[in-house]
Amino acid sequence: MKPAFLTSLTRTAVAAIAVCSCAASFAGEVEVLHWWTAGGEAKAASALKDQLQAKGHSWKDFAVAGGGGDNAMTVLKSRVVSGNAPAAAQIKGPSLQEWAAEGVLANIDDVAKAEQWDKLLPKVVSDVMKYKGNYIAVPVNVHRVNWLWANPEAFKKAGAKLPTNWDEFFVAAEALKKAGVIPVAHGGQNWQDFTTFESVALGLGGTDFYQKALVQLDPAALNGPTMTKVLETFRKVKSYTDKNAPGRDWNLATAMVIKGEAGMQLMGDWAKGEFVAAGKKPGKDFACVAAPGSAKAFTFNVDSFALFKLKNEANVKAQKDLAAAIMSPQFQEVFNLNKGSIPVRLNMDLAKFDDCAKSSAATFVESAKSGALVPSVAHGMAVPAAAAGALQDAVSQFWNDDKMSVASAQSKIAAAAKIK
Ligand code: GAL
């Protein structure tokens, strides 16, 4: 079923596009909706702007602040419904299919064929970028979500060692607490709560459990004993966060680890973009390790831009130039060095990338072979937006209400999984 907000969208948008009869000229303008406003994110976004401008076009920035993109998606919907879609918008995962089904996205097969995208992308990615066999979006990167970021100084002060499983995580957390350091930097927003939750589920339950419970939404897995343990552990993580966590932005949580106010953060590798933007070096000023218990697994989050149907020829040309630029090796390198992610384009030279990125790239390849490559629910890769939203709400209610029993949370999550 299509979400209610999109129902009359096609008619309105097509009518509005039809009234625009703008003059064609070579240089076009591309309005780009994204939510990359934090330090590393903004640097990465400006690399995209540079690419477009180098081709003689102009970039109209349409940044909507708010990690995880919830705010950006709300604004995008209202813009498209009022017939004023941007040329490109950061839309990811199954949502691409929902938008394409509305008939508002452009077919960019000509660019994809000319540039041989089918050969340059992992199939698991190119499949998501296509609607009924035609490319409607272009991928930018591959983020790994199941990371733990740590401040080595804080660990030293606490005499703690980097954890490899959840038992060790709590030993380290306890030691950090005793040393007067906030053990876990957390931002209490739904998508951040779920980012932590899915890493706990993956690390404790393994990839089979993760797939069954969070991707297939299998009632037996959602109601079973592993999920009970996941929820108990998730609640225990909360007890090591500080009282100012509610509402905090993810990059402010990362800043706590950068400054040594906090010891660890469970976050995807856009957090590395923050460390790097602050001039910090991996292995020296900060550590990146897999989220406890998930070293061999890879929770993926692929950022992509969907291209909206436009009438103005110069803008269509600019839009296609943008799509081609995104897949170029040069852009893939500079963008991902800033963003913390790895290139989505295959066979890239990673010489300039750090050890966190190299380890991410190796695990990406190995996990794809072993079946341990799983989509992130928190980042819109796994299930349609309506179910993902309901699951996130249920998980955050539990996180925010210390009096809610695990059993009650578990049945709320199982009920949320049925939302279509
Ligand atoms: C993710 C997105 C990343 C990063 C993060 C925080 O959903 O895929 O690119 O921006 O949100 O904003």
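Quick one: which strands (runs of 3 or more DSSP E) lie wholly within region 1-109 and hold at least 2 residues that are modelled with pLDDT under 95?
none
Considering only region 48-93, state which residues are of a type in the set (A, V, I, L, M, F, W, C) and more than 16 Å from the ligand (Cβ to nearest atom).
Matches in region 48-93: LEU52, ALA54, TRP59, VAL80, VAL81, ALA85, ALA87.
Determine if region 373-381 includes at least one residue that is touching a strand residue (DSSP E or B) at 6+ places or on another chain (Cβ under 7 Å), more than 16 Å from the ligand (Cβ to nearest atom) and closer than 28 Å to GLY56 by Cα.
Looking for residues that are touching a strand residue (DSSP E or B) at 6+ places or on another chain (Cβ under 7 Å), more than 16 Å from the ligand (Cβ to nearest atom) and closer than 28 Å to GLY56 by Cα, one finds none in region 373-381, hence no.
Just to be sure, is SER367 in a helix (DSSP H, G or I), within 16 Å of the ligand (Cβ to nearest atom) and more than 30 Å from HIS57 (Cβ to Cβ)?
When the stated conditions are applied, SER367 does not pass them.
Within the bounds of region 283-302, is there any residue that is more than 16 Å from the ligand (Cβ to nearest atom), closer than 30 Å to GLU102 by Cα and buried (at least 24 other Cβ atoms within 10 Å of the Cβ)?
no
Which is under 29 Å from PRO246 (Cβ atoms) and without any contact (Cβ under 8 Å) to a residue 24 or more places away in the chain, of ASP393, ASP349, ASP401?
Only one candidate passes the filter, namely ASP401.
Would you say VAL377 is in contact with a Pro (Cβ under 8 Å, 6 or more places away or on another chain), of a type in the set (Val, Ile, Thr) and not in a helix (DSSP H, G or I)?
When the stated conditions are applied, VAL377 does not pass them.
Which of (1) surrounded by fewer than 19 Cβ atoms within 10 Å (Cβ to Cβ); (2) out of contact with any Lys or Arg (no Cβ under 8 Å at 6 or more places or on another chain) does ALA386 not meet, given it meets every other one?
Result: ALA386 fails condition (2) only.
The values are calculated or read from the model by the stated rules, or taken from the named source; none is laboratory data. Please read all numbers here as calculations on a predicted model, not as lab measurements. Cβ: placed from backbone, ideal geometry, glycine included. Neighbour counts: every protein chain shown.
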